[in-house]
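Participant: Below is the structure I would like to discuss, written out as structure tokens.
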Amino acid sequence: MKRVGFLTSGGDCQALNAAMRGVAKALINTLGPDGVELYGFLDGYKGLIYSNYKQLTAKDFSGILTLGGTILGSSRTPFKTIKDPDENGVDKVAAMKQNYYKLNLDCLVILGGNGTHKTANLLREEGLNIITLPKTIDNDLWGTDMTFGFQSAVNIASDVIDCIHTTASSHSRVFIVEVMGHKVGWLTLNAGISGGADIILIPEIPYDIDKVVEAINERTRRGSKFTILAVAEGAISKEDAALSKKEYKAKMANYKYPSVSYEVAEQIREKTGIEVRVTVPGHMQRGGAPCPYDRVFASRLGTKAAELILQGDYGYMVGIKNRELVKVPLEDVAGKLKEVSPDAPIIHEAKMLGISFGA
């Protein structure tokens, strides 16, 4: 008998349900319905801390392959305060361990992104059997070429840029589409290339607003009546990138714009006189049904996780490298970001297509 727990932590995304389904179905099909007990902790680590869970059956995993979000609910439990007692004095780490052992679990399967993996690795260090699956639309987890949710989000952001093209060309305007991604630019980069953006601004390549304006003016000189910018939430100017963390924090405390896209829009208007519009698809990028790629990918990750559980091989994130599923030690994943290198081939190729990065 294998007793396995699940929790989904952090921001939701497409294919969380597909991934859990992959684990559950593989275990049930291998061990039989009486050979495994499955438990779902509700609302992320909160469920594990406060013993809020439910037993799951095969029926709970039926019909969820195409369902977005997470059937278990999710929440953010910051790693930086995970060792601090809560407002009632509860030791969160001790409580999570206690609830794990109370259910006599053989393994806890945790689906999440960077912050989630830090806590997952802490639980591993505390002696719990942990397997993780790489969930994030940002594709910024170290140790895997791809995360599930990413391709679905690329599809949505690309559709937004596609739709913007027609209105931008009709009205001869500059349009900015703000894409999710505070620290890394994988989503903006891929959606920008896919959607035919003319300028892409990402956190890893600080932009010079004069270079951005120069790219817009060059398009105008060539007869193009519109320009589309794909701008990451975390895009940053060269001036701001040169500030210390303290200086930048002080600046942002008095920031007058809703986001960087609106600052870029105002600067373009001031320098060119061109009308600029900003579109922010926001959490749409996390929502809806997973695309076919993510359904397949998440299902594969789930079956690989089930294999590790059956072998009693714990302490790993299941990822993909060179199109092959791999197991990556949690201690190698936790706390690391997979950033876009300014020298990456995809950046070079985008530049050859005529895309400007404002640098």
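The values are calculated or read from the model by the stated rules, or taken from the named source; none is laboratory data. Model, not experiment: these values are computed from the prediction. Don't worry about glycine lacking a Cβ; one is built from the backbone with ideal geometry, like all the others, and counts go over all protein chains shown. What goes into the accessible areas is simple: the full protein's heavy atoms, side chains included, and nothing from ligands, DNA or RNA. Shrake-Rupley method; radii C 1.70, N 1.55, O 1.52, S 1.80 Å.
Participant: State which residue is modelled with the highest pLDDT when the search covers only segment 244-267 and only residues that are open to solvent by 100 Å² or more (accessible area, probe 1.4 Å) and either under 26 Å from the mean Cα position of the chain (by Cα) or of a type in the set (A, V, I, L, M, F, W, C) (or both).
Facilitator: Of everything passing the filter in segment 244-267, Pro258 is modelled with the highest pLDDT.
Participant: Looking only at segment 29-39, decide whether some residue is open to solvent by 30 Å² or more (accessible area, probe 1.4 Å) and part of a loop (DSSP other than H, G, I, E, B). Before the answer, list the steps.
Facilitator: The initial filter retains those residues of segment 29-39 that are open to solvent by 30 Å² or more (accessible area, probe 1.4 Å), namely 29-31, 33-34, 37.
Now drop any that are not part of a loop (DSSP other than H, G, I, E, B), which leaves 33-34.
Yes - at least one qualifying residue is present in segment 29-39.
Participant: Kindly provide the set of residues from segment 18-27 that are open to solvent by 30 Å² or more (accessible area, probe 1.4 Å) and under 19 Å from Gln311 (Cβ atoms), ordered by number. Give the derivation first.
Facilitator: Keep residues of segment 18-27 that are open to solvent by 30 Å² or more (accessible area, probe 1.4 Å), which gives 21, 25.
Listed by number, the list holds a single entry, Lys25.
Participant: Can you confirm whether Ile236 is modelled with pLDDT of 90 or more, over 20 Å from Leu353 (Cα atoms), open to solvent by 20 Å² or more (accessible area, probe 1.4 Å) and not aromatic (Phe, Trp, Tyr)?
Facilitator: yes
Conditions tested, residue by residue: (1) modelled with pLDDT under 95; (2) not in a loop (DSSP other than H, G, I, E, B).
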| position | (1), (2) |
| --- | --- |
| Ser51 | no, no |
| Gln55 | no, yes |
| Asp60 | no, yes |
| Thr66 | no, no |
| Ser74 | yes, no |
| Asp84 | yes, no |
| Asn88 | yes, no |
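Participant: Which one of these is open to solvent by less than 10 Å² (accessible area, probe 1.4 Å), closer than 20 Å to Leu325 by Cα and under 18 Å from the mean Cα position of the chain (by Cα): Thr119, Thr144, Thr136?
Facilitator: Values: Thr119 fails: closer than 20 Å to Leu325 by Cα; Thr136 fails: open to solvent by less than 10 Å² (accessible area, probe 1.4 Å).
Answer to the selection: Thr144.
Participant: Now, a different point. Step by step: first the residues of segment 217-230, then only those that are assigned to a helix (DSSP H, G or I) and basic (Lys, Arg), then the one that is most open to solvent (accessible area, probe 1.4 Å). Which residue is that?
Facilitator: This residue is Arg221.
Participant: Could you give every pair whose Cβ atoms fall below 6 Å, whose first residue belongs to segment 283-301 and is among the aromatic types (Phe, Trp, Tyr), and whose second residue is open to solvent by less than 60 Å² (accessible area, probe 1.4 Å) and part of a helix (DSSP H, G or I), counting only separations of at least 6 or pairs across chains?
Facilitator: Sorted first by the residue in segment 283-301, then by its partner, the pairs are Tyr293/Gln151.
Participant: OK, next. Answer yes or no as to whether Ile268 is assigned to a loop (DSSP other than H, G, I, E, B), among the aliphatic types (A, V, I, L, M) and out of contact with any Leu (no Cβ under 6 Å at 6 or more places or on another chain).
Facilitator: Here the answer is no, as Ile268 does not meet what is asked.
Participant: Quick one: which of Ser158, Ser237 is touching a residue at least 12 places away in the same chain (Cβ under 8 Å), touching a helix residue (DSSP H, G or I) at 6+ places or on another chain (Cβ under 7 Å), more than 30 Å from Gly302 (Cα to Cα) and not β-branched (Val, Ile, Thr)?
Facilitator: Values: Ser158 fails: more than 30 Å from Gly302 (Cα to Cα).
Going through Ser158, Ser237 in turn, the sole match is Ser237.
Participant: Of (1) over 23 Å from Arg124 (Cα atoms); (2) of a type in the set (Gly, Ala, Ser); (3) surrounded by fewer than 21 Cβ atoms within 10 Å (Cβ to Cβ), Ala15 satisfies all except one. Which?
Facilitator: Failing condition for Ala15: (3).
Participant: May I pose another question? Within segment 92-101, identify whether any single residue is in contact (Cβ under 8 Å) with a residue 60 or more places away in the chain, open to solvent by 10 Å² or more (accessible area, probe 1.4 Å) and not in a loop (DSSP other than H, G, I, E, B), and answer yes or no.
Facilitator: For segment 92-101, residues in contact (Cβ under 8 Å) with a residue 60 or more places away in the chain, open to solvent by 10 Å² or more (accessible area, probe 1.4 Å) and not in a loop (DSSP other than H, G, I, E, B): absent.
Participant: Pairs under 6 Å by beta carbon, first residue under 27 Å from Ser9 (Cα atoms) in segment 22-40, partner part of a loop (DSSP other than H, G, I, E, B) and at pLDDT 95 or above, six or more apart or different chains?
Facilitator: Listed pairs, sorted by first residue: Tyr39/Leu103; Gly40/Leu72.
Participant: Is it fair to say Glu178 is open to solvent by less than 20 Å² (accessible area, probe 1.4 Å) and not β-branched (Val, Ile, Thr)? Lay out the reasoning, then the answer.
Facilitator: On the way: open to solvent by less than 20 Å² (accessible area, probe 1.4 Å): yes; not β-branched (Val, Ile, Thr): yes.
Answer is yes for this residue.
Participant: Can you pull out every residue in segment 332-359 that is over 15 Å from Lys211 (Cβ atoms), open to solvent by less than 80 Å² (accessible area, probe 1.4 Å) and more than 24 Å from the chain's Cα centre (by Cα)?
Facilitator: Of everything in segment 332-359, nothing turns out to be over 15 Å from Lys211 (Cβ atoms), open to solvent by less than 80 Å² (accessible area, probe 1.4 Å) and more than 24 Å from the chain's Cα centre (by Cα).
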